[in-house]
1. Taking every Cα atom in the chain, find the radius of gyration and the maximum pairwise distance Dmax, and write them in Å.
2. State the antiparallel share, in %, of DSSP beta bridges confined to the chain, rounding to the nearest 5.
3. Based on a Kirkwood Rh over C-alpha pairs, give the Stokes-Einstein translational diffusion coefficient of the stretch 471-510 at 25 °C and viscosity 0.890 mPa s in µm²/s.
4. I'd like the orientation of helix 340-364 relative to the chain: the angle between its Cα long axis and the longest Cα principal axis, in ° from 0 to 90, rounded to 10.
5. Given Cα pairs under 8 Å that are at least 6 residues apart, what percent is the relative contact order of the chain?
6. Considering only C-alpha atoms, what is the centroid distance from the stretch 367-407 to the stretch 193-241, in Å?
7. Can you tell me how the stretch 90-159 classifies by the Cα gyration tensor, rounded, prolate or oblate, using a/c under 1.5 as the rounded cut?
8. Can you classify the stretch 412-510 as rounded, prolate or oblate using the Cα gyration tensor, where a ≥ b ≥ c are the square roots of its eigenvalues, rounded means a/c under 1.5, and otherwise it's prolate if a/b beats b/c and oblate if not?
């Protein structure tokens, strides 16, 4: 189709000019088709055909753009989450790096101490082995002493037996001496009776008696000495028995100590072997941990790089979202006569007019709706403010917001009128309750009399709207994406604020 054909007929120009003038309004109007006039005016027919095609293309473009906007907004949500996760990963990698560094130093210290302990244990093991040998020698010597004492005891017992025999012989000698003395005495008596003839025999008898006396005396002395010797031998035997008992006890103690020392040496050897294995394992673990520490350092550096890239991605997602919102704002400038977006914009603009009428009525009553002298409300912690027109405004606007609140059944999640400072003086009744002190509860049930536009950038974007604009928004604390339509609010032709509507994507056919 050649657009120049629209101007080919001079008679068609007035009608076609009117159609073009109608279309070129503040909102480009492609909604109407003049089928009756198209039957008599081919230019109008061609224009109708052109606008229908253009309308279908724009509706399709609107749907595609809203799909892109939804994806862009969700990509931004994911980018934001990824940026937070990257930040957490960076923090965790830093903690891992620090822990690995501390572990490395601790392992090095443990390895050094283990080496020192192993060296000391080796020296103690050598000393224990020497002591074990000395104890074994002492045990052998004690056994020899015990055997010698047993032999000495046997000798004393044999000597005691021999002494008993000698004492028995001495008794016989003493008896023999006594009998000899008695016989010598009898012989002397008989010699005296014999007179001169028995003189020689008397001398002999006297000598025999003297000899028997000497023998008896010697035997008594020997008996006394033997008694003393036996007493001494009895004491020696008792002491020898005590010494043998002590020697046996000492030998047993030395033997027990030697056995225990042998077990201790075995334990020392086992501990030394274990320490050598631990030392070897620590050296291997230190080497492995050093490698892990190096990898941890690389992970930390990589996390820093990822975090920077995620910040760049986040910025790109913001740019993509903003550019997509600009496209949506441009598409809102078309009036197409059909489509989900058009129904939403018509509803918003109807409510825009209702609120503007109420503001105009307040202004007519002498209420300065342009007063911006906000005052903090007591006991609100600076979260809420009031202004001179707030109460009168609330009485008029809150019933409208309650009436329009369908709980999302019509696809509209919220209607938010704010002034040009982002101040929301009134909200629906369900969200206008007294503060509880719980931020999570108050964020849902006490939203009125607050500055609700979070940033100057968003406030400037609202205040720049001259007819109708559009964008995407993520509901706080969720991943729920909604489309935001907003229109300016004017009082006496002067910009007062903005009316925003949160629309569910499915209500727009997305």
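All of the numbers you see were taken from the coordinates with simple rules; none came from a lab. Because the structure is predicted, anything quoted here is derived from the model rather than measured. So basically every Cβ, Gly included, is an ideal-geometry build from the backbone, and we count neighbours across all protein chains shown.
1. Answer for the chain, Rg first and Dmax second: 63.5, 223 Å.
2. 95
3. Rounded to a whole number, D works out at 212 µm²/s.
4. Here the helix axis deviates by roughly 80 degrees.
5. That works out to 19 percent.
6. One Cα centre to the other: 149 Å.
7. Taking the square roots of the gyration eigenvalues as a ≥ b ≥ c, the stretch 90-159 is prolate.
8. oblate
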